[in-house]
2 protein chains.
Amino acid sequence: MLAWKLTLKTPEYPAGRELILIANDVTFQAGSFGVKEDQFFQKASELARVRGLPRIYVSCNSGARVGLVEELKPLYKVQWIDAADCGKGFEYLYLLKADYEKLPPGSVEVHKIAGPSGEERFVLDAIIGEGMKSTKGGIGVENLQGSGLIAGETSRAYQDTFTLSYITGRSVGIGAYLNRLGQRNIQMVSSPMILTGYAALNKLLGKNVYQSQDQLGGPQIMVPNGVTHQVVRDDQEGMAAILDWLSFVPKDISAPVPICQPSGVDPWDRDVDFEPSQLPYDPRDFLRGVIDHEGNRMRGFFDAGSWVEYLEGWGRTVITGRARLGGIPMGVIAVETRSVDRLVPADPSNPESCEVKESMGGKVWFPDSAFKTAQALKDFNRGENLPVIIFANWRGFSGGTRDMYNEILKFGAMIVDALVEYKHPIFIYIPKHGELRGGAWVVIDPAINPEKMEMYADLEARGGILEPPGIVEVKYRAPQQVEAMHRIDEKLKQLDAKVSGAQGAEKQGLEAEIKAREKQLLPLYTSVATTFADLHDRAGRMKAKGVIRDSISWKNSRRYFYWRVKRRVLQDYLISRLQKVDLTLSHKDSEALINKWAADANVDIQSDMKMVAWLESQNVEARAESIRTSFLKTHIKELFEQLPAAERSGLLSSLQGK
Amino acid sequence: MLAWKLTLKTPEYPAGRELILIANDVTFQAGSFGVKEDQFFQKASELARVRGLPRIYVSCNSGARVGLVEELKPLYKVQWIDAADCGKGFEYLYLLKADYEKLPPGSVEVHKIAGPSGEERFVLDAIIGEGMKSTKGGIGVENLQGSGLIAGETSRAYQDTFTLSYITGRSVGIGAYLNRLGQRNIQMVSSPMILTGYAALNKLLGKNVYQSQDQLGGPQIMVPNGVTHQVVRDDQEGMAAILDWLSFVPKDISAPVPICQPSGVDPWDRDVDFEPSQLPYDPRDFLRGVIDHEGNRMRGFFDAGSWVEYLEGWGRTVITGRARLGGIPMGVIAVETRSVDRLVPADPSNPESCEVKESMGGKVWFPDSAFKTAQALKDFNRGENLPVIIFANWRGFSGGTRDMYNEILKFGAMIVDALVEYKHPIFIYIPKHGELRGGAWVVIDPAINPEKMEMYADLEARGGILEPPGIVEVKYRAPQQVEAMHRIDEKLKQLDAKVSGAQGAEKQGLEAEIKAREKQLLPLYTSVATTFADLHDRAGRMKAKGVIRDSISWKNSRRYFYWRVKRRVLQDYLISRLQKVDLTLSHKDSEALINKWAADANVDIQSDMKMVAWLESQNVEARAESIRTSFLKTHIKELFEQLPAAERSGLLSSLQGK
């Protein structure tokens, strides 16, 4: 194993930063994992974890190191059942006394028996290899224990700091698992991740099913299943991808995200040119901007050139990535509005299977895209400290037999679990012509984590439990629509007036006329009822009911969120510092304290722009120090009161000496 | 919504216990979730969470409550594009001044325009319904906010206490999600969990694809996909299943598992009669015991009658459940040794799809059974506080194209993640004739969580990276096998002696004879080499390398683990109490402290039986109290030294007054 503590000198923020880089040394047994490599890996990773530094693993290995005790091969004897006919098999392997006594103690486990000619025989019960050269660094279960050690270490590292693996060569067994346990992966095209080699699988299956490792764990498998976040063509592209990703990552786990100074090339103070339409469109166009058919540049929501998509090939009804808003790094989740196809590859080991194409509608969560949403949130949350914006535009979850069977309930619930534990600000924004319904709303409502989540809607957005045609079927059915006709339609009102005075055939005729008119009008009044229902789903109602914080017009959204996100990032960082000093402070308390400080300084706490200016001028450490003393005093008093009375005066006198 | 705080009087331990029971009140709109129901649910659940009490949710609901503002239906007018021909459509809905002014303030959003005859018109921009009777309790987005509230609450409840849902009627939308967010589910056969009703799906698809809700979320879907842990036929069976499950659950989250007094009927001091064979067998037979073909009762590992299987229909190459060992509740994970078939149902919405049968080998982890293993560990860990035993018997993970594509790396990694966070003792035991190889060993090695995990193997068990034939192919190939022949085989030795002195045709003849003999012997020496390799995989080597704590014979395993598990449960509970009092104590420190106390009392700390007796005689609270004072004193001193010097004397005088 190799490891470096690097200081990067990058042209952009942060100017000089440290990270831990761990790599397989492929000069030794093609980077296999033995006991020493495992311990080394663990120590290097722990350093990253304890200091909260980014940890990059360059993966190129052949898995746990295997071996046999070579020194025994020339020594053991075989007790054949019939020495004259070996074909009858053998009873046991053994050592002669002279050979046995030459071995270092503990290298074998034996039991002693007498041979046919009375000679002492040491029957082999177990081969251990203690003290043998060939077992140095491990050959068997001890390497598996080492693999367990680094598996656990990597699982913890993902929780505690920023982990990223770059797969630049074949990664086998524990190597493949280390990549997944660190979760974030960049894979080079020719570098498969595998558990068992293809040749061994062919042997197991008894036929030549597989032709390459790529069939098992190349990008064609690991991109569509979301193990790989990003694919690169070569190591140069790989290094660039790592640096790009690091530009979104704080210098250590306790630092806020690295905010660049807005470049001036793409100012915060501009419209979002691209406008979502009611027809299906590519949501990347509003994230990164686009050149339209007439060659006009339509700028998007984020800083030009800052959008990077990850997990692109998996769960394609949801789009996830990272981008900057006026220099602020953000996690991004958006919704595909177009239908996409998912290709499930054929299983080479099952001759009856074939590639299956599954069609998935836009604006709907499927099991894979729900899992992807949760995965992206988990990645953003840990080690990246990213504020997130979700451009919410979902009609719901796919609830047919196929997707219910494919555990949509589990993956949808994962979104809630990921939001509950999210530690940084989250902004939900229903974009222009977007909609958010029923189950899809439920799993991203700010009530899930009110300290961190805020919801907004464009004035042209919709939100509700069912879509209007659906609620009309339940709550505004045909009989009620007919009532509306008789109230509104002039012709029906005239007929109603006539029929009340009529009798016999005339009445029957009028009634038939009424029925005909009703039938003619029904589709029109269904449309009226649908509009009536739709009026319940407007941003005005969402704001009046307090389910959104405000309605924000699409064109102006970049301006609004630039200040809002910046305020929340600065404010939440200050809150986290205060809470570290005073353990009793809740988020709400801290926010009230900050608002009080700002109000005392005559700052308009309603204005995000003014609050940003004030927050940027604050000395965070001095503010923390100011509440530290009073917390310490209160806390010491509380602890002191918990002491048995007899212990108190003794402690006091020892404190007086300080 | 309904909720009760119940005190159960059960005949078995614990005699009187409290729990929180929440149920849908189906007398009101079939148990739909409105704002008030949501708040009520949240409060009741929070009570369970704060007190750490078991929380049972009886689920039978129609999801979030929908509605329209009924009071407006008789009031609004329609502005047709052409009043004479409604078919041309309409422009907007509006209210006349008189009607508008009758409405409570805030019930609609409008803009005022002049009508064709100059009259004032109030065009509807949004319908809110503030102050209207029909919107009491919520009709739209406010109910979705409430659903979000209880979704987040339930996600937290699963982390903080024991949650169990009993699905006794159809559960829709948020109702279905609440079940999954609480994770543990008992489903009554006729009670589907659905997101969208089948009629609405048929409408969406434009044809009659589905005939029932059961096709979407009945047990035939929710059992094989592992959303449902257990199915019952009726409510009586359901209530019995809840009580059975509760018998494994501690009275609150901070209590140890409820240990029954060993019943006497099935003493700890007996053999495990059923012996695993090398041929495939049903591992349930050694868990619960079995009557063999000759009518003999072969007792299993656990107390007779205590085994309950959960998640039976999902990921069937792994078996999970709960059972008692000498009265101690345990979580259990065992391995199916037989091949099983998995039936993937046809997708009714895709006419080309058909039911697919996938065969899965025994002793192998597949994506679903890896997920199931992680799920079981998460359930055991949270709110159940269960010690776990894993009867490990895996050849590895399935690494073919199908399973690599189906995210085996993700689900395998989940096992490591679940073990890393496990807070209670875990015992890994490779049973008689069991084996544990490569990747499968890695994800359950005790190095993942050494404070909680211990590993054991039967004397007849095997552990290694590759299976012997596999390692022979890599490290003991034909040329080396031929070397062994020439060393061992008498005939070859004679030929070798002859050939060294021979020349010409004689030499060629001898060489041909040697080749023939080598060819004849090769399969026999491959078998010798395989045995040589196999000798590296014995319990003796595992113990010598320190990867297992001990080798335990299968017959005696019940006796051994009874005392070992009991010791660890009592000891770890004491450690958790000590750590709550002294925040600086590590697990290791605490264990050393307990060992010192025991040694001071002349207890043999090597003997689990003697330690159990000593631990049972301890007053845990008194032990905790004894270290509390010294921790408090040290801690107060540390905090005091962090105070600015100027603050110290002031604080001292205020403390002196106490």
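The values are calculated or read from the model by the stated rules, or taken from the named source; none is laboratory data. As the structure is a computational prediction, the values presented were derived from the model and not from experiment. Because the Cβ atoms are built from the backbone with ideal geometry, glycine has one as well, and the counts that use them run over all protein chains shown. Note: accessible area is taken over every heavy atom of the protein model, side chains too, but ligands, DNA and RNA are not part of it. Shrake-Rupley method; radii C 1.70, N 1.55, O 1.52, S 1.80 Å.
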**Asked** Does A:Ile390 fit the bill of being more than 8 Å from chain B (Cβ to nearest Cβ), in contact with a strand residue (DSSP E or B) (Cβ under 9 Å, 6 or more places away or on another chain) and either of a type in the set (Asp, Glu) or surrounded by fewer than 24 Cβ atoms within 10 Å (Cβ to Cβ) (or both)?
**Response** no
**Message:** Restricting to the stretch A:276-301, name every residue that is under 19 Å from A:Ile430 (Cα atoms), surrounded by 10 or more Cβ atoms within 10 Å (Cβ to Cβ) and among the hydrophobic types (A, V, I, L, M, F, W, C).
**Reply:** A:Phe286, A:Leu287, A:Phe301
**Prompt:** Within the group B:Ala200, B:Ala176, which residue is among the small types (Gly, Ala, Ser), within 11 Å of another protein chain (Cβ to nearest Cβ) and open to solvent by less than 30 Å² (accessible area, probe 1.4 Å)?
**Reply:** B:Ala176
**Request:** Scan the stretch A:16-42 for residues that are buried (at least 18 other Cβ atoms within 10 Å of the Cβ) and assigned to a loop (DSSP other than H, G, I, E, B) and report the count.
**Result:** 3
**Message:** So A:Asp550 passes all but one of these: (1) surrounded by fewer than 18 Cβ atoms within 10 Å (Cβ to Cβ); (2) in contact with a helix residue (DSSP H, G or I) (Cβ under 7 Å, 6 or more places away or on another chain); (3) within 14 Å of chain B (Cβ to nearest Cβ). Which condition number does it fail?
**Reply:** (3)
**Request:** Those residues that are open to solvent by 20 Å² or more (accessible area, probe 1.4 Å) and not charged (D, E, K, R), I need them from the stretch A:615-626; list them, please.
**Result:** A:Ser617, A:Gln618, A:Asn619, A:Val620, A:Ala622, A:Ser626
**Asked** Of the numbered conditions (1) open to solvent by less than 60 Å² (accessible area, probe 1.4 Å); (2) at pLDDT 95 or above; (3) not basic (Lys, Arg), A:Pro256 satisfies every one except a single condition; which is it?
**Response** (2)
**Message:** Regarding the stretch B:310-333, can at least one residue be identified that is surrounded by fewer than 18 Cβ atoms within 10 Å (Cβ to Cβ), out of contact with any strand residue (DSSP E or B) (no Cβ under 9 Å at 6 or more places or on another chain) and either within 14 Å of chain A (Cβ to nearest Cβ) or modelled with pLDDT of 95 or more (or both)?
**Reply:** no
**Request:** Being buried (at least 16 other Cβ atoms within 10 Å of the Cβ) and at the interface with chain A (Cβ under 9 Å from one of its Cβ atoms) is the filter here, so list the residues in the stretch B:43-74 that pass it.
**Result:** B:Gly63, B:Ala64, B:Arg65, B:Val66, B:Gly67, B:Leu68, B:Val69, B:Glu70, B:Leu72, B:Lys73
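So that you can scan it fast, the table gives a plain yes or no per residue for (1) assigned to a helix (DSSP H, G or I); (2) without any contact (Cβ under 8 Å) to a residue 24 or more places away in the chain; (3) within 22 Å of B:Gln145 (Cβ to Cβ); (4) small (Gly, Ala, Ser):
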| residue | (1), (2), (3), (4) |
| --- | --- |
| A:Leu522 | yes, no, no, no |
| A:Tyr525 | yes, no, no, no |
| A:Phe532 | yes, no, no, no |
| A:Met542 | yes, no, yes, no |
| A:Val547 | no, no, yes, no |
| A:Arg558 | yes, no, no, no |
| A:Phe561 | yes, no, yes, no |
| A:Arg567 | yes, no, no, no |
| A:Gln571 | yes, no, no, no |
**Request:** Scan the stretch B:260-275 for residues that are crowded, with 18+ Cβ neighbours inside 10 Å and either in contact with a helix residue (DSSP H, G or I) (Cβ under 6 Å, 6 or more places away or on another chain) or among the hydrophobic types (A, V, I, L, M, F, W, C) (or both) and jot them down.
**Result:** B:Val272, B:Phe274
**Message:** If I go through the stretch A:159-173 residue by residue, how many of them are open to solvent by 10 Å² or more (accessible area, probe 1.4 Å), more than 11 Å from A:Ala48 (Cβ to Cβ) and either of a type in the set (Asp, Glu) or within 12 Å of chain B (Cβ to nearest Cβ) (or both)?
**Reply:** 3
**Item:** strands (runs of 3 or more DSSP E) contained entirely in the stretch B:399-475, each with at least 3 residues that are facing chain A (nearest Cβ under 7 Å)
**Value:** none
**Request:** Any residue in the stretch B:500-516 that's touching a residue at least 12 places away in the same chain (Cβ under 8 Å) and more than 23 Å from B:Pro479 (Cβ to Cβ): show its pairings with residues that are open to solvent by less than 90 Å² (accessible area, probe 1.4 Å) and of a type in the set (D, E, K, R) at Cβ separation under 7 Å, as long as the two are six or more apart or on different chains.
**Result:** none
**Prompt:** Do you know which residues across the stretch A:573-584 are open to solvent by less than 30 Å² (accessible area, probe 1.4 Å), touching a residue at least 40 places away in the same chain (Cβ under 8 Å) and among the aliphatic types (A, V, I, L, M)?
**Reply:** A:Leu574, A:Leu578, A:Val581
**Request:** For B:Glu142, state whether it is open to solvent by 10 Å² or more (accessible area, probe 1.4 Å), more than 8 Å from every other protein chain (Cβ to nearest Cβ) and not in a strand (DSSP E or B).
**Result:** no
**Message:** I want to confirm something. Restricting to the stretch B:361-387 and keeping residues that are among the basic types (Lys, Arg) and assigned to a helix (DSSP H, G or I), which single residue is surrounded by the fewest Cβ atoms within 10 Å (Cβ to Cβ)?
**Reply:** B:Lys378
